[in-house]
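I have placed the structure first, in the form of C-alpha cells, so that the comments after it can refer back to it.
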Amino acid sequence: MKLAFMPGCALSSYNPMLVKKTADFLRLHDRDIVILQKCCGKPTKYMGDEELFKQRFDGFKQDVSACGVDKIITACSGCHATINKMYGIEVVSLWEILEQIGIPSEAIGKGNNVPFTVFDSCTTRDNPKVHNSVRNIMTQLGYKTVPSPHEREYTLCCGFGGMVGVTNPTIATMNVKKNLASFNTEQIVAYCSTCRQAFGVNGGKAWHLLDLIWGDAV
C-alpha cells in the first residue's frame, strides 16, 4: 500500500518546519511515503463556488492517481472530512497514526503535567477516534487535559470555520471570544491550524499539537 502524507494548506503556511519534521518522522516508518502538498478545495466549497471546488478537487484526484497513492494521512481535519466524503480512497488522521506508532522518544513526558484545554475541530464532531488519539498523544507528551463544556461531539466552531473569518470578521471574533470564555485553562491546544490561529490572534495562549510535539515544553 502506497501512503501519502497531506499536511494541508493552513499548517504548511503556519509552520513549514513542523510539516518537514513530521514528514521525516513518518518516513522513518515508511521511507516511500509521498508528501502531497495540495489544496483539497474546501475553502471554495465553503464560500459557495461549487464549480471552482469541482475543478480543484478534480485536480487533486488527478495528482493522487498520478502518484499511485492508496491511502492518505491527513493533518487537516477539513481535508480529512472533504476527501472522506467526496473520494473513494482510504483516509486516516495523522493523530491516529502518531498514536499507533508513538511520538518521538525525546518528546515523551516533557509536559510536566501543565494543564491544557483540547479544542476539537468542528469537522471532527463525529470522529471519536481522533478525539481519543489527540488526548492520548497529550498524555504521552506529559500534559494534563482539562475537560471543557464544549468538546468532542459537542464542540463549537472556533469562529473562523466556513471562511467566516474572511467574510464576516465581526461575527468570527464574537464566536472566538465565546469559546475563549468557556475554557477552564489558560493554555489551549488545537489540531487544526485555523483553530489555533483563531484563538491566537484574539488573545488566547494557543498551540498546535505539532508545536507541542516538536517544540520546547510549555
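The values are calculated or read from the model by the stated rules, or taken from the named source; none is laboratory data. It should be emphasised that the depicted structure is a prediction, and the values quoted were computed from it without experimental measurement. Neighbour counts run over all protein chains shown; Cβ positions are idealised from the backbone, glycine included. Side chains included, ligands, DNA and RNA excluded: accessible areas come from the protein's heavy atoms. Shrake-Rupley method; radii C 1.70, N 1.55, O 1.52, S 1.80 Å.
For the pair the range 21-95 / the range 118-167, the C-alpha centres are spaced 20 Å from each other. For the range 141-218, the alpha carbon convex hull comes to 95 Å³ per residue, rounded to a whole number. Based on protein heavy atoms only, the range 97-137 ends up with 45 Å² per residue of surface accessible to a 1.4 Å probe. Of the solvent-accessible surface of the chain, computed with a 1.4 Å probe and all protein chains present, 51% belongs to carbon and sulfur. Taking a ≥ b ≥ c as the square roots of the eigenvalues of the alpha-carbon gyration tensor, the range 91-156 is classed oblate because a/c is 1.5 or more while a/b is no larger than b/c. Of all the options LEU94, LEU28, LEU180, the one that moves most in a Gaussian network model of the chain with Cα springs shorter than 10 angstrom is LEU28.
The simple Förster model, with R0 at 35 Å and r as the Cβ-Cβ distance, assigns ALA181 and LYS129 a FRET efficiency of 0.75.
Averaged per residue, the range 13-64 has 61 square angstrom of accessible surface, using a 1.4 angstrom probe with ligands and nucleic acids left out. Translational diffusion of the range 1-98, estimated by Stokes-Einstein from the Kirkwood radius over alpha carbon pairs at 20 °C in a medium of 1.002 mPa s, is 157 µm² per second. Each principal axis of the range 43-165 carries a Cα extent, and these read 49, 34, 20 Å when sorted largest first.
Students often get this wrong, so check it: of LYS2/LYS42; LYS38/LYS144; LYS21/LYS205; LYS85/LYS144, which have C-alpha atoms separated by over 30 Å? The pairs that break the limit, which is 30 Å between Cα atoms, are LYS38/LYS144; LYS85/LYS144. Select from VAL189, VAL69, VAL166 the residue whose mean-square fluctuation is largest in a Gaussian network model of the chain (Cα-Cα springs shorter than 10 Å). Looking only at VAL189, VAL69, VAL166, the biggest GNM fluctuation is shown by VAL166.
Extent along the principal axes, Cα only, for the chain: 46, 43, 28 Å, with the longest axis given first.
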